[in-house]
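The values are calculated or read from the model by the stated rules, or taken from the named source; none is laboratory data. Quick caveat: nothing in here was measured; it's all calculated off a predicted structure. Reconstructed Cβ throughout: ideal geometry from the backbone, glycine too, with neighbour counts over all protein chains shown. Areas reflect the complete protein model, heavy atoms only, side chains present, ligands, DNA and RNA absent. Shrake-Rupley method; radii C 1.70, N 1.55, O 1.52, S 1.80 Å.
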Amino acid sequence: MDKEFTLEDRLKERVKELTCLYSISSVLRKHSNNIQETLKEVCEITKNAWRHPKATIVELQYTDFQINTGPIPNKHVFQESKLSDHQENSGKIRVYYDAENYDKTDFLEEEQQLLNQIAIEISDFFQRESIKEREELIRRKAEHNDRLAILGEITAGIAHELNTPLGNILGFAELIQENNKDEQTKNDLDKIIKASIYSREIVKKLMFFACEMPHQKQPQQIKPIIEQALSLLGPNLKKAGVTCSFEIDEDNLVFPLDMIQFTQIIFNLVINAIYVSPPKSKIQISVSHSKNHILMEIKDQGPGVPKALRKKVFHPFYSTKPLGEGSGLGLSVVHGIVKAHQGEIKIKENIPNGSNFQILLPL
C-alpha cells in the first residue's frame, strides 16, 4: 500500500479524530436505556474515524458486552486500549485491519492516542451507569424498608386486637366441649378449636414479624438448639413419613444469636421442608464454618422452588400453599431474623431434586 502521508492528510485525520471524540461524548451523554445500542453506535463512530474506515473492524469487550462492527479477519493487525470502571470490571476496545492488505505501519500514533481517549470515555460511562444502578438499588431498598415499617405497625396493632377475642373463642369452645355429650356438637366444636388454634398461630407470627430483632443475642452452642428443635418436630416427621439427618463440623461450635429466633428459623424451614417432601424422602441439615462465617443448609427432596419465585417467597403474606394451609409469614419471618443477625439467606437447587435453603451468618 501507499504509505505516503502528507501534512494535509494529517490535518484531515486530526479533524476526523476530534469529530469522533465529540460524537462519542455526545452519544454517551444522551444514553437513556439500551446500553448495547449505545455501544454499537460508539463502535461505528470509532470505525469511521480511522484512516481506512472501510477496512476497519472495531471490537468492544466489557463484562457481559461483546460488540463487533464486522467479522474479525483470521490474520489481522490491531490497536488496543484497556477499559476499567475502577470497580474491578475490565475490558478492551480494539481496532483491526486485515493483515493481508495492511500492517502495523498503517496505524497512526495519533489513532492510538484517540483510542486511549475513547477507552477513557467508555470507562467513565460504565462507572456512571454503575453508580446509577447502586443509587436505584438504595432507593428501592429504602422504599421497601418504609413499607415494611408501616406493615409492621399495622400487623402489631391487628395482632394485639385479635388476641383477646381469639382467646375467648378458644376458651369457651373448650369449656363447652368438656360438658358436651352430643357427637355432632363435638365435631363442630373440634373445628372451632382447630380454627382458633390456627388463627392464634398466625397472630403469633404477625407479632413476631412486627417486632424489632434480635432481642437477646448471646453466644450459644448451635448443636443443642438444632437437636432440641428436631426433637420437638419428631412427630411431624413421623406423620409425614420423612426422615431427617443433622451434621455439624464442630460439636462445640458457639455463635452469638437469639436462641428463640434461631429456633424459629429451624422450625419454619423444617416444617416447610416436611410439607413439600414426598413420603420416604430425607431432609438434610448441615452446619459448617470457616474463619468468618457459619453456613447452615436445609435440603429437601421436594419439587423445588422455581427461580422466578425465589425472591417472592420471602415477601410477607406470599404463600404457595393452598388457602387455609399457610399464612405466608413463615419465610418472611426467617428472612427478617437472618437479616437482623447480619446474615444472608439463599435458595439453591438440591441435586438431583428439591431445594437447598442456605443461611450464611457472620461470626
Take the range 101-139 and flag every residue that is aliphatic (A, V, I, L, M) and either closer than 23 Å to Ile72 by Cβ or touching a Leu at 6+ places or on another chain (Cβ under 6 Å) (or both).
Leu108, Leu114, Leu115, Ile118, Ala119, Ile122
Looking only at the range 296-307, count how many residues are open to solvent by 70 Å² or more (accessible area, probe 1.4 Å) and in contact with a Leu (Cβ under 9 Å, 6 or more places away or on another chain).
0
Kindly evaluate Arg94 against the criterion of being among the basic types (Lys, Arg) and modelled with pLDDT under 90.
no
Please verify whether the range 67-87 includes one or more residues that are at pLDDT below 90, open to solvent by 10 Å² or more (accessible area, probe 1.4 Å) and among the acidic types (Asp, Glu).
no
With criteria (1) over 19 Å from Glu13 (Cβ atoms); (2) open to solvent by 70 Å² or more (accessible area, probe 1.4 Å), Thr105 comes up short on (1)
I need the full set of residues from the range 293-314 which are among the basic types (Lys, Arg) and more than 16 Å from Gln358 (Cβ to Cβ), in order please.
Lys312
Lone qualifier among Ser281, Ser286, Ser319 - being open to solvent by 30 Å² or more (accessible area, probe 1.4 Å) and either more than 24 Å from Ile197 (Cα to Cα) or modelled with pLDDT of 90 or more (or both):
Ser286
Name the pairs whose Cβ atoms lie under 9 Å apart, with the first residue in the range 219-243 and free of Cβ contacts under 8 Å to residues at least 40 places away in the same chain and within 14 Å of Val270 (Cα to Cα), the second open to solvent by 30 Å² or more (accessible area, probe 1.4 Å) and β-branched (Val, Ile, Thr), and 6 or more positions between them or separate chains?
Gln228/Thr263; Leu232/Thr263; Asn236/Ile271
Consider Asn356 carefully, then state whether it is at pLDDT 85 or above, open to solvent by less than 50 Å² (accessible area, probe 1.4 Å) and under 30 Å from Ile192 (Cβ atoms).
no
Which one of these is more than 22 Å from Asn48 (Cα to Cα), at pLDDT 85 or above and not in a loop (DSSP other than H, G, I, E, B): Arg140, Arg128?
Arg128
Tell me, yes or no, whether the range 228-237 has at least one residue that is of a type in the set (Ser, Thr, Tyr), surrounded by fewer than 19 Cβ atoms within 10 Å (Cβ to Cβ) and at pLDDT below 90.
yes
Looking at (1) under 29 Å from Met296 (Cβ atoms); (2) modelled with pLDDT of 80 or more, can you tell me which one Thr185 breaks?
(1)
Given the range 213-286, what helices (runs of 4 or more DSSP H) lie entirely inside it while holding 1 or more residues that are in contact with a His (Cβ under 8 Å, 6 or more places away or on another chain)?
259-276
Take His293 and tell me if it is surrounded by 13 or more Cβ atoms within 10 Å (Cβ to Cβ) and modelled with pLDDT under 85.
no
Given the criteria part of a strand (DSSP E or B), under 34 Å from the mean Cα position of the chain (by Cα) and either buried (at least 17 other Cβ atoms within 10 Å of the Cβ) or hydroxyl-bearing (Ser, Thr, Tyr) (or both), does Leu60 qualify?
yes
